[in-house]
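The values are calculated or read from the model by the stated rules, or taken from the named source; none is laboratory data. Bear in mind that the values here come from a model prediction, so they are computed numbers and not experimental data. Using ideal geometry, Cβ is built from the backbone for each residue, glycine included, and neighbour counts are taken over all protein chains shown. The area values use the complete protein model at the heavy-atom level, side chains included, leaving out ligands, DNA and RNA. Shrake-Rupley method; radii C 1.70, N 1.55, O 1.52, S 1.80 Å.
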Amino acid sequence: MKISTFAVAAALAASLGLAGCAADTGTPGGSSSHGADHGSPSATSSTMPEANADHNQVDITFVQMMIPHHAQAVEMSDIVLAKSDLPAEVTALATRIKDAQAPEIEAMTGWLKSWNAPVAVSDHSGHGMAGMVDTEGIDKLKAAQGAEAARLFMEQMTGHHEGAVEMAQQEISAGKHPEAVQLARDIVTAQEAEIAEMKQLLAGL
């Protein structure tokens, strides 16, 4: 009886052990399957931080504000390029500004789309963007002719460029997106040179 009881107990223990193994096997399997369920979100969540890891809010704000800032520089350039009585140096300067900034607008728009950030921010409308020319100033530029138009364009664009340089320096110091930071550096280099050029041209008018 003792042997028989021992044998039954051993068999019961063995059977419980097997059940335990099956449960253990199921758990990793279940865990694996559960992990697989999370595989997508986890892959997505690991992808999302990577997608977001290359930029920060400073980048987003810089690009959102620089797009309309650049757009106004292009608009101002178009206004003076439509005039036929400007000094050649001013026409060349306006052409360079337009040719440089229009493609940058396209690049920045593409970044915002890739970041799922809005391209147009309603409350920007010129506020908070250093150097923006108000409607009255734009109207004066449209009405001006000859040397007066050249002078007004360069005075307005000098302040406009100084605002862009200020914004770009903030991006350089706190931005994260490599291309946005590089663009900011390019803006500082190009526009500081153009500011110096405009000041020299203004002195000669």
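Restricted to region 57-78, and to residues that are surrounded by fewer than 16 Cβ atoms within 10 Å (Cβ to Cβ) and not acidic (D, E), which residue is farthest from the chain's Cα centre (by Cα)?
A71
Within region 81-199, which helices (runs of 4 or more DSSP H) (wholly inside it) include 3 or more residues that are of a type in the set (G, A, S)?
88-114, 146-174
Applying the selection to region 53-90, what residues are among the hydroxyl-bearing types (S, T, Y) and under 15 Å from V133 (Cβ atoms)?
S77
Only one of Q191, Q170 is modelled with pLDDT of 95 or more and open to solvent by 20 Å² or more (accessible area, probe 1.4 Å). Can you tell me which?
Q170
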